[in-house]
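A.B. asks: Sharing a structure here in structure tokens format.
Throughout, read-outs are computed from the coordinates displayed, never taken from laboratory work. Since this is a predicted model, take the numbers as computed values, not measurements. Methodologically, a virtual Cβ is constructed for each residue, glycine included, from the backbone with ideal geometry; neighbour enumeration extends over all protein chains shown.
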Amino acid sequence: MCSAILPNGVRSKVKLIRNISEDLTFLFIDPPFHEKGRARTLNTLKPRYYEQLSRVLRERPQLPWVLTYENCPEIRRLNRGWSMMGNFSVRYTARDDRPGSEFLIVPKWKGLLTHQASVARTW
């Protein structure tokens, strides 16, 4: 398994996903939140990026990937019908220690777990 920091720029990230080999690749994609991101971080993206990301993943049905987002209507709309989606619990600790919920999206062939068992770690 190889990990890499993606190059700057939306086009280069979408191009990477479009051209990457399916054989030895697993992508974990965690872009800035769509709606809440504007309030929480300077690292926000234009709505067009979320549309491009959805389209390129839909075009690569055999590519193994996992995508995490906030659960909002626009993200559900972009990924409905061609992927599996579900909520999962998280514990945020960057700013303050609090529970939260995010949205997990995977290719339909991958499927989702039917339950979640996890433990928050203290470092």
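A.B. asks: Restricting things to alpha carbons, find the Rg to Rh ratio for region 40-107 using the Kirkwood radius for Rh.
C.D. replies: On the way: Rg = 13.2 Å, Rh = 13.3 Å.
Rg/Rh: 1.00.
A.B. asks: Would you mind computing, in nm to one decimal, how far apart the modelled labels at Asp96 and Glu59 are, each placed 7 Å from Cα along Cα→Cβ?
C.D. replies: 4.3
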